[in-house]
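To start, the structure under review is shown below, and the notes come after it.
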Amino acid sequence: HFPKEGKVTWKAPSNIALVKYWGKLAHQIPANPSISFTLDACATTTSMAFVKKGESSDTFSFDFFFEGKPKEDFKPKIKTFLDRIDMYVPFLKEYHLVIETSNSFPHSSGIASSASGMAALSLCIMDIEKQMNPDMDEVFFNKKASFLARLGSGSACRSIEGDLIQWGTHKNIPESSNLYGIKYPFEVNPVFKNYHDTILLVHKGQKQVSSTVGHELMHGHPFAKNRFRQAHENLDALKSVLADGDVEEFIKIVESEALTLHAMMMTSMPYFILMKPDTLEIINKIWAYRMQTHIPICFTLDAGANVHVFYPESVKEKAIQFIQDELIEHCEKGHYICDRIGQGARKI
Ligand code: PMV
């Protein structure tokens, strides 16, 4: 049955990949499997009010508000997304939608909101579907939310649940799928259950390369085949690393993945350097600090200049001290975000 009207609200977190997704095939199918930490503080909250239209309709109609204000320039992206998921959620056109969204992190901080944004939007849509099918179980709900989110932004499919999410088929992960993210199905040592991620905002400007363009650059890339194979191998290697709590090996894989992502951009045609001088300063300081102190602080990068600094709970005080003393000076306006591994989206 179709409810006449209602409103649903979901808060979905961002995520940060350990093994990176970079390169895709048609229909948002990843060229290689990836795995990410679900974040906690960096999140998007989206509400969707829905009112049944007078008569049956075959076009989407919606209003969109970002941080309280109508935002026309976001609408085409949402329209594209709705068109793409239309066949999976045919009931949606029966409603006029009012979508309101806001981020916990500052606008244009260089933190991508597409993962958390598309995840929150997909969860709102699934919530409406659940009102029509009250018997829908949680497993299906999450799977389909992840499936829809993937069609908005690939990495968004890893922002539905926590705390460690894997996406993309891998021969040694039988549950894995190209269509949605799954909770990492193997043992994970407690040390990785409360990891910290302090995000250093080195450069807050617009991304130089959109991820759409970035993924495209992997087509015909001279190193693509090896890179995709390496991602499979790194996922294999992570299995025992995560189970054993082997922080040293974890660091090697994670930092190598970050630099490989950037190496792919530097070696594509056209080529890009997305790191800034301060990105390199931070990396060098992390390496020097780790050499001197043996405190297991490491970094990862997204497709931009900002640095995610990872460390386990056990070294939190020392890590924060180091970050404040030595790294914050490399952030734009001294801005950074203290985040940590999170448990996934929730209904508000
Ligand atoms: O989800 P997209 O299409 O914006 O791709 C994002 C890819 C990276 O963030 C660079 C890596 C990843 O796996 O999240």
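Quick rundown of the values:
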| quantity | calculated |
| --- | --- |
| Between 0 and 90°, nearest 10: helix 277-293 axis offset from the chain longest Cα axis | 60 |
| Degrees between helix 114-132 axis and first principal axis of the chain (Cα, 0 to 90, nearest 10) | 30 |
| For region 1-126, with +1 on Lys and Arg beta carbons and -1 on Asp and Glu, the positive-most of 42, 105, 29 along the dipole | 29 |
| Residue 342 long-range amide H proximity, modeled H, under 5 Å | 38, 39, 40 |
| Furthest towards positive pole of dipole, 301, 65, 199, structure part the chain, Cβ charges | 65 |
| Over the chain, relative contact order from alpha-carbon pairs under 8 Å, at least 6 apart, % | 24 |
| Hz values of 3J(HN,Hα) by residue in region 152-164 - Karplus curve (6.51, -1.76, 1.60), Gly and Pro given as x | x, 7, x, 5, 4, 5, 9, 10, 8, 10, x, 9, 9 |
| Positive minus negative residues near residue 13 (Lys, Arg vs Asp, Glu; Cβ under 12 Å) | -1 |
| Rounded to 5, the percent of DSSP beta bridges in the chain classed as antiparallel | 90 |
| Under the Karplus curve 6.51 cos²θ - 1.76 cosθ + 1.60, θ = phi - 60°, whole-Hz ³J(HN,Hα) for region 137-149, x wherever Gly or Pro sits | 8, 5, 4, 5, 4, 5, 4, 6, 4, 5, 4, 5, 4 |
| Selected from 147, 310, 62 as most flexible by GNM, with the chain as the system and alpha-carbon contacts under 10 Å | 62 |
| Of 144/276; 71/183; 252/276; 143/316; 11/79, those spanning more than 28 Å from alpha-carbon to alpha-carbon | 144/276; 71/183; 143/316 |
| Local electrostatic count, residue 172, Cβ distance below 15 Å [Lys/Arg +1, Asp/Glu -1] | -1 |
| For region 105-181 and region 222-243, distance of Cα centres in Å | 23 |
| Ellipticity estimate at 222 nm from DSSP helix runs (n ≥ 4, -39,500 (n - 2.57)) divided over the chain, nearest 500 | -11000 deg cm²/dmol |
| Whole-number D in µm²/s for region 5-188 (Stokes-Einstein; Kirkwood sum over Cα pairs; 37 °C, 0.692 mPa s) | 197 |
| Sorted by Cβ neighbour density within 10 Å, fewest at the top, the residues 167, 10 | 10, 167 |
| Residue 43 long-range amide H proximity, modeled H, under 5 Å | 14, 104, 105 |
| Ratio Rg/Rh, restricted to region 196-340 and using Cα atoms, in which Rh is the Kirkwood radius | 0.98 |
| Equivalent-ellipsoid semi-axes of the chain, from the Cα gyration tensor, Å, largest first | 34, 21, 20 |
| Percent RCO, i.e. relative contact order, over region 5-188, from Cα pairs under 8 Å lying at least 6 residues apart | 27 |
| Angle between the chain longest axis and helix 75-85 axis [Cα atoms, degrees, rounded to 10] | 80 |
| Phi to ³J(HN,Hα) by Karplus 6.51 cos²θ - 1.76 cosθ + 1.60 over region 37-48, Hz, x for Gly, Pro | 7, 6, 8, 10, 6, 7, 8, 10, 10, 10, 10, 10 |
| Region 133-279, relative contact order [Cα under 8 Å, separation at least 6], % | 18 |
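Taken together, the values in this text are just the output of simple stated rules run on the coordinates, not laboratory data. Just so it is clear, the model here is predicted, and its values are computed rather than measured. When we count neighbours, we look across all protein chains shown, and the Cβ atoms used for this are built from the backbone with ideal geometry, even at glycine.
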